[in-house]
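For reference, the structure discussed in these notes is given below.
The values are calculated or read from the model by the stated rules, or taken from the named source; none is laboratory data. Small disclaimer: the values here were computed from a predicted structure and weren't measured. Cβ placement follows ideal geometry from the backbone for every residue including glycine, while neighbour counts extend to all protein chains displayed.
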């Protein structure tokens with residue numbers, strides 16, 4: 001108990017000091033009393049008659065302060081912040097919202113405390129506090145490992161890939177330390193630690209420290225202590241039971257305490273302790289050869305969709321390196337548990353690979369997540385079986401069948417990697433060679449040295465991908481190559497070289513797309529609903545091209561979009577006053593209005609291409625509630641719009657889907673990530689609006705009730721004289737009742753989903769149900 005209590009005593013004391021410096025009264029009292037309770041518990045372990053009363057008194061004070069804090073917060077909430085007890089406030093003292101880096105620092109403090117805990121457990125035998133590392137210390141070490149796995153996941157949520165990788169590595173050490181203490185107690189012999197794994201781990205720690213220089217000098221220096229720790233493990237066969245390893249842990253204990261104080265202080269204080277965060281960036285600011293990545297949310301944006309996690313490929317491939325080199329050492333002929341291979345293989349190759357697979361799945365990376373999960377399961381099963389004493393001398397058909405099933409799954413992964421890049425293909429293929437070595441071992445036909453050769457080959461391939469991943473997420477240029485896909489599919493992989501993919505958040509990008517459209521190009525564009533394909537109305541050839549890009553586009557007319565109703569001002573006299581007022585009240589929004597076709601369309605210069613917009617009887621027109629779309633329409637004039645997907649397919653909800661679905665026929669794409677909505681616009685039939693009727697071809701983002709409310713307000717404005725409510729039913733058009741009744745609406749399948757067609761509008765509704773309206 002003493003090593004763990006000592007670590008938490010120091011950690012709580014540091015938290016108390018930082019809380020006092022930041023005037024956090026309640027937190028400082030709680031941290032101080034728990035710190036004193038831990039200190040008295042340590043004293044009570046040495047003398048059972050000492051400190052028990054003081055420990056109880058400290059915990060009683062913690063309960064009282066906690067009750068005061070809880071009741072104060074409740075009172076503040078019930079009185080709507082009119083009553084605030086001293087030391088209790090719901091307001092942020094700095095007046096600013098916590099940033100992503102501050103959230104990462106909050107989580108990092110937990111990881112540092114777990115390093116402090118582990119260092120205390122291993123350093124205490126050296127200092128004579130406890131006789132030796134024993135089974136009693138396993139709960140402390142494995143608890144630290146579990147918490148550091150949690151910190152690893154939270155760091156991915158905070159978009160800090162390097163910190164997540166670091167705490168993934170330290171969790172491996174925590175589980176291995178606990179395993180060593182457990183095996184030593186069960187087998188009554190000190191476990192032997194092979195050299196390859198800690199040597200490779202020291203190299204990975206060093207590379208991680210090297211690339212962490214961009215965040216300042218505190219973290220790299222801290223991580224260099226773990227490089228020394230890994231080297232100490234490799235240098236001594238008895239690893240964690242040797243004084244050299246324990247001495248390094250004593251140094252890590254002191255360093256962790258200092259790093260914890262700096263991290264906590266910089267998290268809560270406006271006047272931060274300098275850590276040299278900008279020195280490396282300033283050195284490279286004048287370099288044209290090395291350009292650092294901009295660490296914003298776009299850096300970790302997935303190819304499709306949206307994710308709250310950063311990319312975990314760095315840790316996943318690093319764990320492949322560790323797992324591969326861990327099995328290059330052969331177990332001794334005696335007890336297999338006495339050779340420390342099991343935790344290296346199972347934790348790094350199994351647990352962390354599964355974690356990386358889950359993160360990759362959350363990012364929509366199907367092939368990568370499948371690969372990591374498959375490899376994680378294989379390393380776990382093989383590690384427990386071969387190095388956990390379950391395998392023994394059993395060889396034969398039954399074991400071979402299980403390995404062959406894994407090989408078949410990996411064949412599918414290898415085939416999928418053909419469409420990704422060359423690096424991933426080689427990675428999957430070399431893992432197949434490892435599975436072959438497992439199979440040959442199962443049938444007793446393993447050539448001498450084959451398993452060592454293929455594991456080293458797989459480890460080197462994994463190391464290159466790890467290095468390329470960490471290098472490319474640090475530097476925008478140059479980039480280490482992964483290689484092109486061995487098999488390319490049309491539209492697969494983005495096509496950013498042949499089709500400009502420009503950020504919709506930059507005004508210059510919108511102007512570039514506008515120039516492409518002015519020159520007769522067609523482009524993909526984000527809207528307030530889904531992505532659409534657009535062409536300038538004053539470029540008839542472009543309108544026809546956009547129409548023909550759609551597969552099976554016959555009887556799928558396009559719609560007309562404007563940026564403001566002011567663009568219709570020159571032809572206002574050709575539009576009825578009721579319809580004009582309805583447009584003004586309904587727009588800008590996700591409402592498309594189907595109106596009767598009129599000569600005013602010639603004003604936009606459509607020429608012969610006007611036949612592709614609307615039907616001979618009507619046309620759909622819309623003013624979108626989207627800044628990007630409005631800016632683009634202001635630049636090129638009214639645009640012809642159709643959904644950015646082949647006829648009959650699902651709506652396009654991400655900019656990368658535009659090129660994937662339409663291929664090289666698109667001349668440019670404005671990129672704005674996932675669509676804000678996955679539902680299309682509401683389409684209203686206004687062809688009979690002068691007679692007091694509107695219908696609905698489709699009820700989409702805007703509910704029907706809201707549209708009817710707007711229409712009622714417009715009707716009231718244009719209604720002349722007084723209307724007796726007693727005769728309202730007699731003079732109301734019966735067709736309108738049928739149109740507005742939700743039970744009379746029938747559904748038709750359009751490109752954007754299911755639309756509602758009004759039975760009353762027979763010919764017009766049938767024609768327009770085929771209109772392609774986003």
Task: Where a residue in the range 427-454 is on the phi > 0 side of the Ramachandran plot and its partner, wherever it lies, is surrounded by fewer than 16 Cβ atoms within 10 Å (Cβ to Cβ), with Cβ under 9 Å and at least six apart - done: 444/395; 444/396
Task: Cβ pairs under 7 Å, 6+ apart, first in the range 207-220 and farther than 23 Å from residue 465 by Cβ, second modelled with pLDDT of 90 or more and in a helix (DSSP H, G or I) - done: 218/259; 218/262; 219/212
Open item on the list: Given the options 139, 237, 196, name the one that is surrounded by fewer than 23 Cβ atoms within 10 Å (Cβ to Cβ) and touching a strand residue (DSSP E or B) at 6+ places or on another chain (Cβ under 7 Å).
Closed with: 237
Open item on the list: It is to be established whether one or more residues within the range 378-386 are surrounded by 20 or more Cβ atoms within 10 Å (Cβ to Cβ), at pLDDT 90 or above, under 30 Å from residue 308 (Cα atoms) and under 32 Å from the mean Cα position of the chain (by Cα).
Closed with: yes
Open item on the list: Taking the criterion of being in a helix (DSSP H, G or I) and crowded, with 20+ Cβ neighbours inside 10 Å, would at least one residue in the range 671-683 satisfy it?
Closed with: no
- [ ] Spot the failing condition for residue 530; the list is (1) surrounded by fewer than 20 Cβ atoms within 10 Å (Cβ to Cβ); (2) under 22 Å from residue 676 (Cβ atoms); (3) under 36 Å from the mean Cα position of the chain (by Cα), and only one is missed.
- [x] (1)
Task: Options 5, 36; residue that is closer than 23 Å to residue 124 by Cα and either within 40 Å of the chain's Cα centre (by Cα) or modelled with pLDDT under 90 (or both) - done: 5
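One line per residue, one yes/no per condition, for (1) in the same structural domain as residue 534 (by TED's automatic domain parsing); (2) over 40 Å from the mean Cα position of the chain (by Cα); (3) at positive phi:
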site: 592; (1), (2), (3): no, no, no
site: 599; (1), (2), (3): no, yes, no
site: 604; (1), (2), (3): no, yes, no
site: 619; (1), (2), (3): yes, yes, no
site: 626; (1), (2), (3): yes, no, no
site: 636; (1), (2), (3): yes, no, no
Task: Pairs with Cβ under 7 Å, 6+ apart, first in the range 643-659 and under 17 Å from residue 500 (Cβ atoms), second assigned to a helix (DSSP H, G or I) - done: 644/658; 644/661; 644/662
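Each row is one residue, and each column tells you yes or no for (1) in contact with a helix residue (DSSP H, G or I) (Cβ under 8 Å, 6 or more places away or on another chain); (2) more than 13 Å from residue 532 (Cα to Cα).
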{"position": "609", "(1), (2)": "yes, yes"}
{"position": "627", "(1), (2)": "no, yes"}
{"position": "637", "(1), (2)": "yes, yes"}
{"position": "646", "(1), (2)": "yes, no"}
{"position": "656", "(1), (2)": "no, no"}
Task: Scan of the range 497-527 for residues that are assigned to a helix (DSSP H, G or I) and closer than 15 Å to residue 545 by Cβ, ordered by number - done: 516, 517, 518
Task: Near pairs, Cβ below 7 angstrom, 6+ apart or cross-chain, from the range 266-281 (within 16 Å of residue 222 (Cα to Cα)) to any residue that is in a loop (DSSP other than H, G, I, E, B) - done: 275/216; 275/217; 276/216; 276/217; 277/216
